[in-house]
Amino acid sequence: MNSSATAKEPDDIELKVLVDQAKAFDSSLVVGRLGSSAVALLVAWLFRDSGQHAYIWLWFGTLVVFNIISPYYWFAQGRANLDVSNAQWRLRAITVSSLISGLLWVAGVFLLWIPGNFEAQMLVIFTIFGVASVSLPALNAHLPAFYCFFLPCVSSVPLISLWYYDKYSDTVAIAFAFILLLNSLLAIKMHRSLVDSIRKHYVAVKLAKELQKQKEIAEAAVHLKSRFLAAASHDLRQPMHAMNLYLGGLAYANLQPEARAILNNARVCADNMDKMFSALLDLSQLDASVIEAKFSNFPIAMVLNKIKVEFSNQAQAKGLILRVAPCSAHVHADLHLLENIVRNFVSNALRYTQCGKVLLGCRRCAAGLRIAVYDTGIGIDLEEQGKIFEEYYQVGNHQRDSARGLGLGLAIVQRQARIMGTAITVVSEPGRGSMFSITVQTSHESVAEIAQANQMPELHADSLHGVFIAIIDDEELILNASSLLLSKWGCTVLTANSGEAMLAQLASIERAPDLIICDHRLHGTATGMDVICSLRHEFNREIPALLITGDTSPDKVKLLMSTGLPVLHKPLQGHALHAAVHKLVNAGPKSAHQEN
């Protein structure tokens with residue numbers, strides 16, 4: 001099928017070229033015929049005293065009638081219906097019309113030629129020369145039409161001159177032979193130029209359509225891939241979420257040392273999975289444009305000291321020297337985004353450096369403060385430096401070693417840098433190391449309140465004792481795991497797989513829950529937001545609520561953020577759920593367990 005379509009399309013282009021060739025006669029046909037009639041009238045008037053004046057006026061009348069009929073036929077019959085189906089026929093009609101017009105001028109030459117009268121002969125010669133020359137731009141769109149008019153006109157003069165041979169006949173024959181050759185070459189060149197320009201136009205249109213089609217196919221493929229990844233991500237997050245909750249509940253069990261060691265290893269594996277899912281979520285949130293930079297003024301030492309504490313043991317365990325140069329500068333940036341960017345720089349430097357050192361330092365520049373991480377690692381080829389910011393691309397990890405992450409770190413930090421209105425700079429040489437840097441604005445304002453705002457609240461083990469929590473999820477494993485873990489924290493838990501089932505159970509209890517934890521995607525058409533609204537309406541109070549979701553597509557992330565409800569993404573670690581529940585219960589209206 002593809003081969004036949006490919007073979008057909010050039011024919012379509014050639015037919016369209018023929019249509020444009022025929023259209024090229026729209027203006028030239030009328031102008032040419034009017035010019036021909038005017039020249040014929042002038043010549044007929046000049047030869048009015050000739051002995052053949054009656055035949056000359058008859059010739060003029062015939063030429064004028066033909067020059068009127070042919071354009072009328074073209075515009076009345078041809079132009080209105082001109083398309084690929086009749087373009088060839090129209091061009092043949094123009095060719096026949098040109099031949100008739102040329103033969104009429106041949107007849108004129110034989111009528112107007114007066115043997116022995118040099119002045120009359122020169123007048124005929126210049127007339128035919130002019131008429132033939134004008135046909136060049138008028139008829140070059142279709143060479144057969146040009147030759148059918150031009151060849152008879154030009155050939156008639158030397159033929160009649162040789163017929164009535166005199167001393168000028170040879171000169172006339174040579175001159176018109178030269179005119180014939182020159183105009184023929186010019187006609188071929190002009191014709192090719194015109195046809196090539198028309199053909200290139202349609203080829204460009206065709207390529208543009210093919211490019212648009214390929215673009216649409218690529219966009220559809222990307223959309224399909226995104227839908228598949230979103231669905232796969234959601235389905236994978238469900239069991240991971242349940243497993244994390246079960247592992248969290250199992251941590252409260254009385255286990256033997258050997259079993260607890262196995263549990264700790266399982267939680268480490270689950271934590272690594274969480275980091276991979278979090279990277280995908282970060283990328284989705286950035287693509288959904290739901291993250292905005294929250295600029296504040298703070299000392300860069302807050303970031304440097306935290307990075308030093310976080311990575312010193314990792315560097316020491318690998319036998320590397322991690323040096324963090326002190327800096328007293330204050331910057332104006334988003335603390336969380338900047339910290340994440342620098343953390344990624346240092347993490348990558350330690351990962352790709354086998355021996356030597358990693359240096360984190362700052363330098364003032366015209367644009368502000370440049371924060372850079374230098375390493376003595378493997379370095380990056382110049383051709384790969386443009387690829388390292390692509391999703392899932394990792395230098396030297398073609399085997400996709402999962403221990404080295406997903407390859408989303410630099411893709412994420414590049415987007416985070418754009419949110420802050422800055423860019424990342426890379427300088428690297430294979431075998432000698434790399435330098436990654438980011439430049440931020442400097443500031444001199446106080447930052448005491450920022451340090452306080454970044455302190456995490458202290459959580460107590462019994463802080464959730466007696467809290468009544470309603471959990472709605474259509475996955476039985478997640479309901480069981482959530483109930484087990486929350487019960488370990490002293491909560492009273494009521495679970496249901498739908499909003500209707502939860503309302504039915506609450507009707508028999510006659511007590512409003514202190515907190516609602518609801519999955520966003522449920523069976524049927526109802527969403528988690530719908531269920532939360534119905535429960536709040538039932539008890540006529542703004543019950544604190546928490547949405548849980550495994551959806552990470554940019555559109556879905558943006559939609560969930562617009563609800564105004566706190567949203568947590570599966571899979572969740574137990575401590576993250578504990579912190580969210582503690583915050584909501586203590587921030588919401590005074591609950592029943594607090595009143596008692």
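The values are calculated or read from the model by the stated rules, or taken from the named source; none is laboratory data. Fair warning: this is a prediction, and the values are worked out from it, not measured in the lab. Here the Cβ is made from the backbone with ideal geometry for all residues, glycine too, and neighbour counts use every protein chain on show. Accessible surface areas use protein heavy atoms only, side chains included; no ligands, DNA or RNA. Shrake-Rupley method; radii C 1.70, N 1.55, O 1.52, S 1.80 Å.
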Checklist entry - Taking the Cα-to-Cβ direction at residue 321 and at residue 186 and moving 7 Å from each Cα, how far apart do the two end points lie in nm? => result 8.4 nm
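Starting from the residue with the highest accessible area, list 89, 163, 113 in decreasing order, probe 1.4 Å. Intermediate values should be presented prior to the final figure.
Working: 89 125, 163 195, 113 15 Å².
My answer, sorted largest first, is 163, 89, 113.
Using the Cα gyration tensor of the range 539-581, with a ≥ b ≥ c the square roots of its eigenvalues, what is the shape: rounded (a/c below 1.5), prolate (a/b larger than b/c) or oblate (neither)? Provide the component values of the computation, followed by the final result.
Details: a/c = 2.84, a/b = 1.11, b/c = 2.55.
Since a/c reaches 1.5 but b/c is at least a/b, the shape of the range 539-581 is classed as oblate.
Given the pairs 308/357; 16/200; 306/583; 306/570; 294/558; 556/583, which span a C-alpha to C-alpha distance of over 21 angstrom in this model?
Values: 308/357 13 Å; 16/200 11 Å; 306/583 25 Å; 306/570 27 Å; 294/558 18 Å; 556/583 24 Å.
Too far apart for the 21 Å limit: 306/583; 306/570; 556/583.
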